[in-house]
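The values are calculated or read from the model by the stated rules, or taken from the named source; none is laboratory data. What you see is a predicted model; the values in this text were computed from it and never measured. Glycine gets a Cβ as well: all are built from the backbone with ideal geometry, and neighbour counts include every protein chain shown.
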Amino acid sequence: MNYWLLKTEPTSYSIEDLQKEKKTTWTGVRNYQARNFLRDMKKGDKVFVYHSSCEIPGLFGVGEVVTDALPDPTAFDKKDSHFEPKSTKENPIWFAPTISFGKKFSEPLTLFQIKADAELKNMMVAQQGSRLSVMPVEKEHFQKIMKTLG
DNA sequence: GCCAACGTTGGC
DNA sequence: GCCAACGTTGGC
């Protein structure tokens, strides 16, 4: 099993939205490195939900991969802002897994706290200039965080 | 809103 | 394939 972190701007999609919807297809990622991580996600993998570009950036909850990544339908939708004419159904470029809600943390683990924690500060999300919206999380980090917040 | 740190694009 | 120009991300 693998562990991941998914960034989202809470003004567009938050952990509360996932809680209400129970599950969602994680569409709209348009970065090749992130795309490759999305394709590597397998059913049963765990994912942290990270809120970015907001008052308190940090980890707000956890979910689970329920469907391996399939071609991202928003890439085929001319009316969608993520429409990508180069991606065809025969030869899709962009992919999206489906994520289920696990739990919302009673308190978020803030980026500030992650950077201040000797064991967590080397997480990819805490590195300078880390702009990837999808990234792997090490098992040790996942377990330590879940021990504290889970 | 600023701006550093990236990623992408496109001319050559 | 280089690299300057440009666009975007995201913490602060």
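Among the numbered conditions (1) within 15 Å of DNA strand B (Cβ to nearest atom); (2) within 24 Å of A:Asp40 (Cβ to Cβ); (3) over 17 Å from the mean Cα position of the chain (by Cα); (4) part of a helix (DSSP H, G or I), the only one that A:Ile93 does not meet is (4).
What about A:Pro57, is it over 26 Å from A:Lys144 (Cα atoms) and surrounded by 15 or more Cβ atoms within 10 Å (Cβ to Cβ)? No; evaluated as a whole, the condition is false for this residue. In the stretch A:36-81, of all residues being in contact with a Pro (Cβ under 9 Å, 6 or more places away or on another chain) and under 12 Å from A:Phe101 (Cα atoms), the one that is farthest from DNA strand C (Cβ to nearest atom) corresponds to A:Val66.
Checked against the criterion of being in contact (Cβ under 8 Å) with a residue 60 or more places away in the chain, within 16 Å of DNA strand B (Cβ to nearest atom) and not hydrophobic (A, V, I, L, M, F, W, C), the stretch A:120-138 has at least one qualifying residue.
Residues in the stretch A:130-150 that are closer than 18 Å to A:Phe37 by Cα and either more than 18 Å from the chain's Cα centre (by Cα) or not in a helix (DSSP H, G or I) (or both): A:Ser130, A:Arg131, A:Leu132, A:Ser133, A:Val134, A:Met135, A:Pro136, A:Val137, A:Glu138.
Screening the candidates A:Val47, A:Val62, A:Val66 for the property of being surrounded by fewer than 19 Cβ atoms within 10 Å (Cβ to Cβ), at pLDDT 95 or above and not aromatic (Phe, Trp, Tyr) yields one hit, A:Val66.
Of all residues in the stretch A:28-44, those satisfying the criterion of being more than 10 Å from DNA strand B (Cβ to nearest atom) and either charged (D, E, K, R) or surrounded by fewer than 14 Cβ atoms within 10 Å (Cβ to Cβ) (or both) are A:Asn36, A:Arg39, A:Asp40, A:Lys42, A:Lys43, A:Gly44.
Against the definition (of a type in the set (Lys, Arg), within 12 Å of DNA strand C (Cβ to nearest atom) and either crowded, with 18+ Cβ neighbours inside 10 Å or on the phi < 0 side of the Ramachandran plot (or both)), how does A:Lys115 come out, yes or no? For A:Lys115, the condition - of a type in the set (Lys, Arg), within 12 Å of DNA strand C (Cβ to nearest atom) and either crowded, with 18+ Cβ neighbours inside 10 Å or on the phi < 0 side of the Ramachandran plot (or both) - is met.
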